[in-house]
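One structure is given here, and the rest of the page talks about it.
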């Protein structure tokens with residue numbers, strides 16, 4: 001059995017990360033799950049949240065995902081992210097303004113589609129605020 005997991009993080013724009021890692025903790029829709037070498041095959045949707053990429057003994061890399069899909073095989077983890085941003089680059093002041101604007105959009109929404117889009121934006125921004133606060 002291999003002692004590393006081949007991890008690929010891909011967004012619609014580009015491949016963000018491709019390397020061998022010790023473990024990946026994924027914010028799955030049904031709950032967070034860790035991927036270690038030898039993991040059983042699984043496909044999961046990803047909820048808005050932070051993925052942790054563990055390499056060696058230092059602090060993990062923390063990347064905020066707005067959603068996506070994760071495919072796991074024995075020694076590989078591939079994440080297709082809707083959008084991804086390093087947690088360290090999140091700016092609370094900017095997020096607070098974006099959240100306020102999204103909440104106003106939600107209050108002003110007139111159709112089901114507008115409500116759904118605004119509600120999703122509010123939920124993602126709240127998760128981003130929580131991630132930025134750590």
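Tabulated data
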{"item": "Hey, residue 119 touching a helix residue (DSSP H, G or I) at 6+ places or on another chain (Cβ under 7 Å) and either farther than 27 Å from residue 21 by Cβ or free of Cβ contacts under 8 Å to residues at least 40 places away in the same chain (or both) or not", "result": "yes"}
{"item": "Verdict on residue 96 being in contact with a strand residue (DSSP E or B) (Cβ under 8 Å, 6 or more places away or on another chain) and in a helix (DSSP H, G or I)", "result": "no"}
{"item": "Unmet requirement for residue 56, which otherwise passes all of (1) exposed (fewer than 13 other Cβ atoms within 10 Å of the Cβ); (2) at pLDDT 95 or above", "result": "(2)"}
{"item": "Matching residues in the range 59-70 - criterion: being out of contact with any helix residue (DSSP H, G or I) (no Cβ under 7 Å at 6 or more places or on another chain) and not in a loop (DSSP other than H, G, I, E, B)", "result": "61, 65, 68, 69, 70"}
{"item": "Test result for residue 107, within 15 Å of residue 47 (Cα to Cα), free of Cβ contacts under 8 Å to residues at least 24 places away in the same chain and not assigned by TED's automatic domain parsing to the domain that holds residue 63", "result": "no"}
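The values are calculated or read from the model by the stated rules, or taken from the named source; none is laboratory data. Remember, it's a predicted structure, so these values are computed and weren't measured experimentally. As a convention, Cβ positions derive from the backbone with ideal geometry for all residues, glycine included, and neighbour counts pool all protein chains shown.
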